[in-house]
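The values are calculated or read from the model by the stated rules, or taken from the named source; none is laboratory data. Everything numeric here is computed off the predicted structure, so don't read it as measured data. We place every Cβ from the backbone using ideal geometry, glycine too, and count neighbours over all the protein chains shown.
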Amino acid sequence: MTYEKTMYEENESGIEIMILLRCVLDKWKAILACGLICALIGVIFAAVTYVPSYTSTISYVINSKSSTNDSTLNPNDFVVAEYLANTYSYVIKSHDFIQRIKAETGIDEDIKKFISSTLVESSSIMKVVVRSEDADKTYKIASAISLYLPEKAKETVHSASLDALESPLPPVIPDANNNIFKMGALGLILGALLAAAVVVVLQLLKKTVMTPNVLTDKIDISLIGSVPHVDINKKKGKNAAHEPMLVTNKKTGFVFSETYKSMRTKIERFSKKNNCKAILVTSAMENEGKTTVGANIAISLAQNGNKVLMLDCDLRKPAVATVVDAKDMVRIPAIDVISGKADVKDAIVNVKKYNIDIIGGLKAVGNSSEILSTQGLKKVIDILRENYDYIIVDTPPSQLFTDAAIISEYTDAGILVVRQNSANLDDVISVVNDISQSNAEIIGFVFNNVSDTSILPGGYSKKYNYSYYGYGRND
């Protein structure tokens, strides 16, 4: 069988990025928690390593000859002030001036590192800041600068002067620890980014199927359809009865029902061409929606005038009767029919509202592989072939149990359900290979729970959410 190139092939990278982004958003609580923990670590680190510092500031007004004769300021005054401020900044840290400050204060260490100067923006005001870990040292240096800088400035630039605006004051309390906020913010950002990166890396390592092309490019299998992500139970409470996600429910929306109509057409064409009646529906792992997909396929086929029965061969976790809301109607379970304890006709339940028949299950069976390996299942399917156009057979997850491989020996074809970003690619390929080795030919796969509108059939762009009865609980 040749596979189909899908219309969204060019968008595959963008789709995968959106899925990765969604994974990150889904984990926002954990990411935020990691960020907050790192922020706390940053705050603690800043507090522990904090060394108190004391600051004393001197303010000067820079006057030049160009500005003393006229009280009106012009842009040239600010240019001159900036030039003089740069000059005075150099003077403050010059060797001669520093030596003079040392002699005045009696401080014999590198005091350059304690001194800085800035020009207040759009003004002629210059600020000299002295900061050190000792309050007395800070004040001594600031006082010495206040005493000698105007004189040194006059010696350096004769046409200008530094007039004191604010004299230095002795620092009383240490400066605020600004590193606490900086380290906290840095920790929050780095922690969140690290957590997000871990989420992305783990997601990539999972090698899940994010787009149909990932699968069709690896193996010879066709895409039957992409089922959108729909949520008709979003506003219901946890204990409220959830509605089944079936094509007969108008709340599922137009795209959902049209997808199954399109899949029905493909299945009918394939079955007519290959003389298929018994079709198994399976998935690699549980919680991929195979039972609900199988029920929707059965209902869609019945809507087109076909006589359809759905056989629950997931003996380990029967869910067909639950999905079609017929659990109370089942009297004879599928296990009794397969093991020869009951007649096929006595176990058939007609679900009138969906116009399909089912042979459902009641309780889980532990030794299902041994039961299915007998000729009992073959006899049941052969009997059903005589009375139905289609028999949809629900099976356990193929990668977890061998049941599906056993059942495939008695069916004509198989459909694989692959939930977006759920099953591992290697697991899906393994399932396809196992089924291919049996008598059943693979019709293709259903890409389920699709959240990306670019993957939906026909270019539909309406957004849907996805969460429904039976999905993730009964499959």
Determine which member of the set Ile407, Ile358, Ile392 is touching a Gly at 6+ places or on another chain (Cβ under 6 Å), at pLDDT 90 or above and either surrounded by 23 or more Cβ atoms within 10 Å (Cβ to Cβ) or under 24 Å from Lys266 (Cβ atoms) (or both). Ile392
Show the residue pairs that are 6+ apart or on different chains and have beta-carbon atoms under 7 Å apart, the first residue being within segment 141-164 and at pLDDT below 90 and surrounded by fewer than 16 Cβ atoms within 10 Å (Cβ to Cβ), the second being among the aromatic types (Phe, Trp, Tyr) and not in a helix (DSSP H, G or I). none
Among the residues of segment 282-305, what is the count of those that are more than 13 Å from Pro397 (Cα to Cα), in contact (Cβ under 8 Å) with a residue 40 or more places away in the chain and not in a helix (DSSP H, G or I)? 1
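Name the residue that is farthest from the chain's Cα centre (by Cα), counting only residues in segment 221-232 that are part of a strand (DSSP E or B) and at pLDDT 85 or above.
So, considering only residues that are part of a strand (DSSP E or B) and at pLDDT 85 or above, the one farthest from the chain's Cα centre (by Cα) is Ile224.
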Considering only helices (runs of 4 or more DSSP H) fully contained in segment 108-220, which possess at least 2 residues that are out of contact with any strand residue (DSSP E or B) (no Cβ under 8 Å at 6 or more places or on another chain) and closer than 30 Å to Ile442 by Cα? 179-206, 212-216
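Residues are listed down the side, and each one gets a yes or a no for (1) out of contact with any helix residue (DSSP H, G or I) (no Cβ under 9 Å at 6 or more places or on another chain); (2) part of a loop (DSSP other than H, G, I, E, B):
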{"site": "Lys353", "(1), (2)": "yes, yes"}
{"site": "Ala364", "(1), (2)": "yes, yes"}
{"site": "Glu370", "(1), (2)": "yes, no"}
{"site": "Lys378", "(1), (2)": "yes, no"}
{"site": "Asp382", "(1), (2)": "yes, no"}
{"site": "Ile392", "(1), (2)": "no, no"}
{"site": "Ser398", "(1), (2)": "no, yes"}
Only one of (1) at pLDDT below 95; (2) under 36 Å from the mean Cα position of the chain (by Cα) does not apply to Thr105, and that is (2)
Criterion: among the small types (Gly, Ala, Ser) and under 21 Å from Lys353 (Cβ atoms) - qualifying residue of Ala295, Ala284, Ala278: Ala295
Only one residue in Ile279, Ile332 is β-branched (Val, Ile, Thr), more than 12 Å from Leu246 (Cβ to Cβ) and assigned to a loop (DSSP other than H, G, I, E, B). Which one? Ile332
Going residue by residue through segment 261-274, is there one that turns out to be within 15 Å of Val293 (Cβ to Cβ) and out of contact with any strand residue (DSSP E or B) (no Cβ under 8 Å at 6 or more places or on another chain)? yes
Yes or no: segment 251-264 includes at least one residue that is in the same structural domain as Ala298 (by TED's automatic domain parsing), at pLDDT 80 or above, surrounded by fewer than 17 Cβ atoms within 10 Å (Cβ to Cβ) and of a type in the set (A, V, I, L, M, F, W, C). yes
Segment 410-441: number of residues that are part of a strand (DSSP E or B) and either modelled with pLDDT of 90 or more or in contact with a Lys or Arg (Cβ under 8 Å, 6 or more places away or on another chain) (or both): 8
Does any residue in segment 381-397 that is farther than 14 Å from Val349 by Cβ and assigned by TED's automatic domain parsing to the domain that holds Ser271 come within less than 6 Å, Cβ to Cβ, of a residue that is crowded, with 21+ Cβ neighbours inside 10 Å and among the aromatic types (Phe, Trp, Tyr) six or more places away or on a different chain, and which pairs are these? Ile381/Tyr410
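Count, please, the residues in segment 265-293 that happen to be within 29 Å of Lys378 (Cβ to Cβ), of a type in the set (S, T, N, Q) and surrounded by fewer than 18 Cβ atoms within 10 Å (Cβ to Cβ). Steps first, answer last, please.
Let us first name the residues in segment 265-293 that are within 29 Å of Lys378 (Cβ to Cβ), namely 266-286, 288-293.
Next, only the ones that are of a type in the set (S, T, N, Q) stay: 271, 274-275, 282-283, 291-292.
Narrowing the set further to residues that are surrounded by fewer than 18 Cβ atoms within 10 Å (Cβ to Cβ) leaves 274-275.
Qualifying residue count, segment 265-293: 2.
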Has segment 306-317 got any residue that is part of a helix (DSSP H, G or I), out of contact with any His (no Cβ under 6 Å at 6 or more places or on another chain) and either outside the structural domain of Asn387 (by TED's automatic domain parsing) or at pLDDT 95 or above (or both)? no
Just one of the numbered conditions (1) surrounded by 21 or more Cβ atoms within 10 Å (Cβ to Cβ); (2) part of a loop (DSSP other than H, G, I, E, B); (3) of a type in the set (Ser, Thr, Tyr) is not true of Thr248; which one? (1)
Verdict on Leu190 being in the same structural domain as Val417 (by TED's automatic domain parsing), touching a residue at least 60 places away in the same chain (Cβ under 8 Å) and not acidic (Asp, Glu): no
